Amino acid sequence: PLLRELIRTIRTARTQAEEREMIQKECAAIRSSFREEDNTYRCRNVAKLLYMHMLGYPAHFGQLECLKLIASQKFTDKRIGYLGAMLLLDERQDVHLLMTNCIKNDLNHSTQYVQGLALCTLGCMGSSEMCRDLAGEVEKLLKTSNSYLRKKAALCAVHVIRKVPELMEMFLPATKNLLSEKNHGVLHTSVVLLTEMCERSPDMLSHFRKLVPQLVRILKNLIMSGYSPEHDVSGISDPFLQVRILRLLRILGRSDDDSSEAMNDILAQVATNTETSKNVGNAILYETVLTIMDIKSESGLRVLAINILGRFLLNNDKNIRYVALTSLLKTVQTDHNAVQRHRSTIVDCLKDLDVSIKRRAMELSFALVNGNNIRGMMKELLYFLDSCDPEFKADCASGVFLAFTLKTIWLCPLCHFSFLQAGSYVRDDSVPNLIQLITNSVEMHAYTVQRLYKALLDDISQQPLVQVASWCIGEYGDLLVSGQCEEEEPIQVTEDEVLDVLEGLLVSNLSTPVTRGYSLTAIMKLSTRFSSVNRIKKVVSIYGSSIDVELQQRAVERIMKISLIDVALPLPGGPAPAPAPSVPTSQPTFLLDGISSQPLFNDIAAAGENLFDSLCLLSFLFQVNGANIFEWFILFYSTGIPPMTAYNKNGLKIDFTFERANPNPNIAVITIHASNSTEADMTDFVFQAAVPKTFQLQLLSPSSNVVPALNQGTVTQVIRVLNPQKQQLRMRVKLTYTHKGSAFQDLSEVNNFPPQSWQ
Amino acid sequence: MIRAILIFNNHGKPRLSKFYEHYTEDTEQQIIRETFHLVSKRDENVCNFLEGGMLIGGSDYKLIYRHYATLYFVFCVDSSESELGILDLIQVFVETLDKCFENVCELDLIFHVDKVHNILAEMVMGGMVLETNMNEIIMQVDAQNKMENTFLWELFIGIKPEIGSNFK
């Protein structure tokens, strides 16, 4: 049967099985026909085979037949034969090599269409050996005056070069007058060939730079030539060729001042004169913009390009918006300010229904966040995170965090916030970073441990969460049982209940060995905070020896690394640990006190992404509270100046955190946070500060004059320092307070201001 | 570079499959299925660009598609191709088909898939754009169609080549 009869038959099949049966039957018939070496039906049979192959059925037994067809002297046979070869054959079959001779003959055939078939096949699937054998023929055809063949030879040459790069040199002479061609098809493929050569070899690139004037001329002619019906597409003369040339110009102009200058004018011309009502015009404009941004163009041209992209963003056509966002993403690093001008449009794209556009707008938004726009951007990005599809959430939350931390490395006391929905995307290695975050948020310890404890009561399956919770309980368990929480109703829980929970983790099937390590360590730490020491000792002796000791050690060491102290906790039965010099001996209970916060922030900045996960974890705990989110983020991220410890003596610690006052950048707004780790309150607390003559200082009222004991709260106070001469900030502080009935006074110099606070 | 050109209908039935890179037959079918899956999910008023699926190659690849009546035309390309340019190319392809088949519809593609291949071969070669001028393409396709069922040595006055001697 003829091909169309077969197709008709197959289409009547109502099920996949029926279709398969028909095809098998037909294949059997075709096979026997092949065996009979029947020339008449070979062509038709191969055509049928190709059809069946497209539907997904095996057709390899037709490969040899394709070769026979290629060798035939009927054009139809050759056509189907070559098509079959392209669809069914590939380099890995030996049969493939048998084609070489056929192709060679056909490349020299008297009929151009046969030569065309040969070039096409060679250019699509020629192996390296074939290309090596036949490169000479291709090179010959590259020089022919027959434009039909010339254009095909050019693309075939590209394939040859890709397969056998060493042969590239061979085609160089033939490229000499490729650009003088009038035929657009040849011009087009020639530009493709030149592009390929330039991309592969820096030598070729330098060599072809001399073509820039010629390319500029061709482009100019296309733009200025007026209406040419032959090449016209929607009123523009051969837009495809224009785009190709622009791309080659881009490669030639990149990192070369002279070439870039030579094309400056034409680029400006194309950018301003191209008709943009149809897609073809926009394609040209788009390519022009990409070229402008990639070469060494003058700044005026760059701004023009970015403004075009900005206009694209407002285009109704989604495709245009998409490519605009893609391009802006590429240029946002180098031309940040110019792209910033289009920020509000970009942010609007976050609300687009199209997933591809949303994703790009999101990535671009991250790149645009800076100290000045942080409030607005944060709001938009949080709305976006809240409402975006699950496929986005991890990337979005991650990006939001990365954007902010990389730009503004500053941690401040935690307030309420939420990454609730992204919570399940947290990674295991985020635990130490989260612990660090919690540690630094001194006033939140009681609240944090309470929330984490409650979370444990609900669910002990999420290992990272459980680990962090265990650690917190180990560290702040005393705050938990004494009901210190101010932010919410403190829960009533006894030491035994806490130990029950921790022991529960030890025995649970859900707990990994690492988790068990954390909970055991927590129990051990509580021996210094709780009074039920005997119970603890019993637990430790039971579990400490049965749990994998190495894991235990590792888990503990990991925790300790966070605090930058090398301490080996005493393991039951193990050797006594060496004393850690940096642990203040006057405070045996809090291992993580007394550390300067500064170096840690660098670590955390490096951790970056992991820290995000930490925040995600906390999302399990904290509630969405509209205003607080923004407040927190404003505090958290608004300046990029790391906090510092200004004073730390006798249990009184004063941290400084910084803000830049907008709009006056000469004013540093410093908030002091005074905390008291001793067991008695510090009352009548007064903080005073003096600065050198070139500065001016304003002290606002403090939040209170009692610094509560045991780090249960801080006193905050705002200082505004005017520093018009941008001199290095120095401060002398005077502290007075009453502690345990006695009056204390201390004077101290503060010299360790971070440079960003006064520069 | 264009990695693949696929035409399939609204139910995912392939009407043309051309790969410019080698994949096994199974992989080819998988790619077709996956592409259909990705593209058929798309709304009518979203952009015509999609990040490519897992099989056809990762972050450098995009699917650029157009939906005409019952057919999807999908070009799978890498970053060296202009997205907007490819969209225009698809348009040229479809308009050419329309001219060649006179108001082309799915049935034409079904019954004349080899002809569609021939047309495509005059537009894209080795994954690269060969010719974009519709009239030029049609002229060349017509000339070749006229040569159907002719013996080539009839066209050439001179030495008759030996039939069947090109390989054993």
Members of region A:378-409 that are at pLDDT 70 or above, in a helix (DSSP H, G or I) and out of contact with any Phe, Trp or Tyr (no Cβ under 9 Å at 6 or more places or on another chain): A:E380, A:Y383, A:D386, A:S387, A:P390
Single match in A:Q688, A:Q727, A:Q745, A:Q698 (criterion: of a type in the set (S, T, N, Q) and part of a loop (DSSP other than H, G, I, E, B)): A:Q727
Mind checking which residues of region B:1-48 are facing another protein chain (nearest Cβ under 8 Å) and farther than 25 Å from B:M123 by Cβ? B:D43, B:N45, B:V46
Can you tell me which of (1) without any contact (Cβ under 8 Å) to a residue 60 or more places away in the chain; (2) open to solvent by less than 60 Å² (accessible area, probe 1.4 Å) is the one A:R720 doesn't meet? (2)
Region A:147-168 residues that are among the basic types (K, R), paired with ones that are open to solvent by less than 20 Å² (accessible area, probe 1.4 Å) (beta carbon under 6 Å, 6 or more apart): A:R150/A:V186; A:K151/A:G185; A:K151/A:V186; A:K151/A:T189; A:K152/A:G116; A:K152/A:L119; A:K163/A:C131
So A:K182, is it outside any helix (DSSP H, G or I) and out of contact with any Lys or Arg (no Cβ under 6 Å at 6 or more places or on another chain): yes
List the residue pairs whose Cβ atoms are under 7 Å apart, where the first residue sits in region A:263-278 and is under 21 Å from A:G235 (Cβ atoms) and basic (K, R), the second is modelled with pLDDT under 85 and not in a helix (DSSP H, G or I), and the two are 6 or more positions apart or on different chains. A:K278/A:S234
With the condition kept exactly as written, say whether any residue in region A:280-302 is surrounded by 16 or more Cβ atoms within 10 Å (Cβ to Cβ), among the polar types (S, T, N, Q) and closer than 24 Å to A:L382 by Cα. no
Pairs returned, first residue in region A:466-489 that is polar (S, T, N, Q), second residue that is open to solvent by less than 10 Å² (accessible area, probe 1.4 Å) and at pLDDT 85 or above, beta-carbon separation under 8 angstrom, 6 or more apart or interchain, are A:S470/A:L502; A:S470/A:L505; A:S470/A:S519; A:S470/A:A522
Of all residues in region B:52-76, which are under 14 Å from B:A4 (Cα atoms), modelled with pLDDT of 90 or more and within 13 Å of chain A (Cβ to nearest Cβ)? B:L63, B:I64, B:Y65
Do we find a residue being in a helix (DSSP H, G or I) and under 29 Å from the mean Cα position of the chain (by Cα) anywhere in region A:255-272? no
Collect the residues in region A:177-208 that are away from every other protein chain (no Cβ under 14 Å), open to solvent by 40 Å² or more (accessible area, probe 1.4 Å) and under 22 Å from A:V164 (Cβ atoms), keeping them in residue-number order. A:P202, A:D203, A:H207
A:K78 versus (1) closer than 18 Å to A:N45 by Cβ; (2) of a type outside the set (S, T, N, Q); (3) open to solvent by 20 Å² or more (accessible area, probe 1.4 Å): which is the lone unmet condition? (3)
How many residues are in a loop (DSSP other than H, G, I, E, B), more than 10 Å from chain A (Cβ to nearest Cβ), crowded, with 16+ Cβ neighbours inside 10 Å and in contact (Cβ under 8 Å) with a residue 12 or more places away in the chain when one looks only at region B:99-138? 1
When you scan region A:67-81, do you find a residue that is within 12 Å of chain B (Cβ to nearest Cβ), out of contact with any Ser or Thr (no Cβ under 9 Å at 6 or more places or on another chain), of a type in the set (S, T, Y) and closer than 19 Å to B:P14 by Cβ, even just one? no
Given the criteria farther than 17 Å from B:D26 by Cα, open to solvent by 10 Å² or more (accessible area, probe 1.4 Å) and at the interface with another protein chain (Cβ under 8 Å from one of its Cβ atoms), does A:R31 qualify? no
Looking at region A:239-250 only, could you name the residues that are more than 9 Å from chain B (Cβ to nearest Cβ) and open to solvent by 10 Å² or more (accessible area, probe 1.4 Å)? A:R250
Pick from A:K318, A:K330: which is at pLDDT 85 or above and within 14 Å of another protein chain (Cβ to nearest Cβ)? A:K318
Considering region A:450-490 alone, what residues qualify as being touching a helix residue (DSSP H, G or I) at 6+ places or on another chain (Cβ under 6 Å) and not in a helix (DSSP H, G or I)? A:I460, A:Q484, A:C485, A:E487
Members of region A:213-238 that are surrounded by 12 or more Cβ atoms within 10 Å (Cβ to Cβ) and at pLDDT below 70: A:S228
Is it true that A:N45 is modelled with pLDDT under 85, on the phi < 0 side of the Ramachandran plot and either surrounded by 15 or more Cβ atoms within 10 Å (Cβ to Cβ) or facing chain B (nearest Cβ under 10 Å) (or both)? no
Within region B:13-47, can you find the residues that are closer than 16 Å to B:I2 by Cβ, buried (at least 19 other Cβ atoms within 10 Å of the Cβ) and in contact with an Asp or Glu (Cβ under 8 Å, 6 or more places away or on another chain)? B:S17, B:F19
Filter region A:61-75 down to residues that are part of a loop (DSSP other than H, G, I, E, B) and open to solvent by 10 Å² or more (accessible area, probe 1.4 Å), then give me how many there are. 2
Residue in region A:51-60 that is in contact (Cβ under 8 Å) with a residue 40 or more places away in the chain, more than 8 Å from chain B (Cβ to nearest Cβ) and open to solvent by 20 Å² or more (accessible area, probe 1.4 Å) present: no
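In region A:515-528, what residues are surrounded by 20 or more Cβ atoms within 10 Å (Cβ to Cβ) and either of a type outside the set (K, R) or more than 18 Å from A:P464 (Cβ to Cβ) (or both)?
A:T515, A:G517, A:Y518, A:S519, A:L520, A:T521, A:A522, A:I523, A:M524, A:K525, A:L526
The values are calculated or read from the model by the stated rules, or taken from the named source; none is laboratory data. Keep in mind that this is a model prediction, so the values were computed, not measured. Reconstructed Cβ throughout: ideal geometry from the backbone, glycine too, with neighbour counts over all protein chains shown. Side chains are part of the model used for accessible areas, which takes the heavy atoms of the whole protein and leaves out ligands, DNA and RNA. Shrake-Rupley method; radii C 1.70, N 1.55, O 1.52, S 1.80 Å.
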